[in-house]
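Engineer: Supplied in structure tokens, the structure appears directly below.
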Amino acid sequence: MLSGKKVLLGITGSIAAYKAIQILRDLTAEGAEVQVVLTPAACRFVPLLTLQVFSGKPVFSDLFDPHDKVIHLTLSQDAHLILIAPATADFIAKMTAGLADDLLTSLLLSASAPIVVAPAMDIGMWEHPAVQRNIAILREWGVHIIEPETGPLASGKEGKGRLADEKTILEGIVTRLKASDRLKGEVILVTAGPTHEPIDPVRFISNRSSGRMGYALAEAAYQWGAEVILISGPSNLSVPPGVRRISVRTAEEMKKETERHCPAASIVIMAAAVCDFRPKTVSFQKIKKNTGLQSLAIEPTDDILLGLSTIKGKKLFVGFSAETENLAENAKKKLYAKGLDLIVANDVMQEGAGFDSETNVVQLFDKKGKNINIPKMSKQLLAYRILEEILRLKPPA
């Protein structure tokens, strides 16, 4: 799958560095030409000779190479992609600060290839505000982050911080190297996140949606060359690089913005968890506790997708269906009632699926009657899998 592709694999000083050997083997098995560069600390964790044997190339770690005075400029010149796996908290901080005190940090400053970073560290380090700030900065710069997994850590603790599974990393690399222009020329409208339906100035009705799935789809579509418009309800997620975000709060605001931008789109992906109900009346002042609120009258919000179906034309429509029972039956009803080409359905009661989760387990149903079961995977990887199905359904130009 990676025949003819050149990957520069950077390894930093983490206990997870031994896993880089398998990552290297996976990349070369797929036909990639891999150049390995280590930080001085990484040399303490993995044997250079082993890396040299599996890569078939000299392995570098010294900034001052006697045979190449500008090795920090030449090593990455022909790389199609740079992968840092594992990436320590220290190395990530150096990247965001623009430091260049070793070969790997120096070559990153001069590199023009896409960069993928797979962090690995203890849970306390991963959750530290400084690390999260640095990760957010890298994302803003267009660096793709393959987030660590949850599990047993070297410290003996259990939590998020383990280097992502080697297969997950390989899938991410393959996706980015193979598909940079698969959606070129497409304008994709994505909705994401929850909506907030106000009760008074400080209270609202909402749901547990974080927006992760919609944001992952927006990022993946842009990575595949599409122009992406992201209409997002309230979310703390960073805007994916290159994506235009339009922020809304209520279902009514999302409806108006979606209707305004839908005519320009060729593909519409409605991943937002729009509230089904809103209060009939909204208090302009905070409702005091001592006054009491005996009941709350609610009314249904407008069905945005159903309304858009009247102007669908040749556009490809994708919907989402979060269910707690009769998943297939309920999803198919929505598919046909709203004139969708594809619906992504999940059981939010299932472990590893649903709102505010970093993973998902879904079933895809298309208008031709095809049903695809997709096992638990990160929402980042799932986004690409959904785009694959969209491309399959899209008629040739």
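Engineer: Rounded, prolate or oblate, given the Cα gyration tensor of the range 297-338, with a/c below 1.5 counting as rounded?
Structural biologist: Values: a/c = 2.79, a/b = 1.18, b/c = 2.36.
It comes out oblate by the Cα gyration axes.
Engineer: Taking loop as defined by DSSP and a crowding limit of 10 other beta carbons within 10 Å, which trypsin sites (Lys or Arg not before Pro) in the range 260-358 fit? Don't skip to the end; give the middle numbers.
Structural biologist: On the way: sites: 260, 280, 286, 288, 289, 312, 314, 315, 332, 333, 334, 338; in loops: 280, 286, 288, 312, 314, 315, 338.
For trypsin sites (Lys or Arg not before Pro) across the range 260-358 that sit outside H, G, I, E and B with at most 10 neighbouring Cβ atoms in 10 Å, the list reads 280, 288, 314.
Engineer: Within the set 167/312; 184/338; 160/370; 160/333, which residue pairs have Cα atoms separated by over 31 Å? Each step should come with its number before you reach the end.
Structural biologist: Numbers: 167/312 38 Å; 184/338 27 Å; 160/370 36 Å; 160/333 38 Å.
From the list (167/312; 184/338; 160/370; 160/333), the Cα-Cα distance tops 31 Å for 167/312; 160/370; 160/333.
Engineer: To continue, here is another question. Within straight cross-link reach of residue 288, meaning Cα distance under 20 Å, which aspartates and glutamates are found once same-chain residues fewer than 8 apart are removed?
Structural biologist: 197, 200
Engineer: Still on this structure, please answer the following. So which aspartates and glutamates pass the test for residue 376, namely a Cα distance under 18 Å, with those fewer than 8 places away in the same chain ruled out?
Structural biologist: 147, 149, 165, 166, 171, 323, 347, 351, 356, 358, 388, 389
Engineer: Can I ask one more? Using only the Cα atoms of the range 89-139, each taken as one equal point scatterer with no solvent, compute I(q) by the Debye sum, divide by I(0), and report log10 of the ratio at q = 0.31 Å⁻¹.
Structural biologist: Log10 of I(q)/I(0), two decimals: -1.30.
Engineer: May I pose another question? For residue 260 and residue 314, what does the FRET efficiency come to when R0 = 22 Å and r is the distance between their Cβ atoms, rounded to the nearest 0.05? Can you show the working numbers first?
Structural biologist: Numbers: r = 19 Å, r/R0 = 0.88.
Calculated transfer efficiency: 0.70.
Engineer: Looking only at the chain, where both bridge partners belong to it, what percent of the DSSP beta bridges are antiparallel (to the nearest 5)?
Structural biologist: Approximately 35 percent, going by the DSSP bridge assignments.
Engineer: Could you give the semi-axes, largest first, of the ellipsoid that matches the range 234-350, computed as the square roots of 5 times the alpha carbon gyration tensor eigenvalues and rounded to whole Å? Don't skip to the end; give the middle numbers.
Structural biologist: Working: eigenvalues 167, 81, 47 Å².
Semi-axes, largest first: 29, 20, 15 Å.
Engineer: Which whole number in µm²/s is D for the range 301-397 by Stokes-Einstein, with the Kirkwood Rh taken over Cα pairs at 37 °C and 0.692 mPa s?
Structural biologist: Roughly 236 µm²/s, to the nearest whole number.
Engineer: In the chain, once you exclude exposed GluC sites (Glu not before Pro) (DSSP loop, at most 11 other Cβ within 10 angstrom), what's the longest stretch remaining?
Structural biologist: 1-324
Engineer: Per the Debye formula with a single identical scatterer at each Cα and no solvent contribution, what log10 I(q)/I(0) holds for the chain at q = 0.06, 0.14 Å⁻¹?
Structural biologist: Values, matching the q order: -0.28, -1.21.
Engineer: With the chain treated as a Gaussian network of Cα nodes joined by springs under 10 Å, which of 188, 372, 145 yields the largest mean-square fluctuation?
Structural biologist: Per the Cα network of the chain with a 10 Å cutoff, 372 tops the list.
Engineer: Let me know the whole percent of all Cα-Cα pairs from the range 187-393 that are separated by more than 23 Å.
Structural biologist: Numbers: 9434 of 21321 pairs.
For the range 187-393, the share of Cα pairs beyond 23 Å comes to 44 percent.
Engineer: Take the Cα atoms of the range 1-153, find their three principal axes, and give me the spread along each one in whole Å, biggest first.
Structural biologist: Largest first, the range 1-153 extends 40, 31, 30 Å along its Cα principal axes.
Engineer: While we're looking at this one, here's another question. Quick check: the distance between the Cα centres of the range 96-135 and the range 339-362, to the nearest angstrom?
Structural biologist: Answer, in whole Å: 31.
Engineer: Test of understanding: given the chain, find the longest segment containing no chymotrypsin sites (Phe, Trp or Tyr not before Pro) that are in a DSSP loop and have at most 16 other Cβ atoms within 10 Å. Numbers along the way, then the final one.
Structural biologist: Numbers: sites that count: 64, 141, 284.
The segment 142-283 is the longest one with no such site.
Engineer: Run lengths n ≥ 4 of DSSP H only: what is the helix-derived mean residue ellipticity at 222 nm for the chain, with -39500 (n - 2.57) per run over all residues, to the nearest 500? Could you put the intermediate results ahead of the total?
Structural biologist: Working: 13 runs with 124 residues, N = 397.
After summing the helix terms and dividing by residue count, I get -9000 deg cm²/dmol.
Engineer: What percent does the relative contact order of the chain come to when contacts are Cα pairs within less than 8 Å and at least six residues apart?
Structural biologist: 11
Engineer: Given the range 332-384 reduced to its alpha-carbon atoms as identical point scatterers, what log10 I(q)/I(0) does the Debye formula return at q = 0.21, 0.23, 0.24, 0.26 Å⁻¹?
Structural biologist: Log10 I(q)/I(0), no solvent term: -0.77, -0.87, -0.91, -0.99.
Engineer: At a threshold of 8 angstrom on Cα-Cα distance, excluding pairs fewer than six apart, so keeping six or more, what relative contact order does the range 1-159 reach in percent?
Structural biologist: Across the range 1-159, relative contact order equals 23 percent.
Read the figures in this text as sums done on the coordinates, not as results from a lab. Please read all numbers here as calculations on a predicted model, not as lab measurements. Note that we place each Cβ from the backbone using ideal geometry, even for glycine, and neighbour counts take in every protein chain shown.
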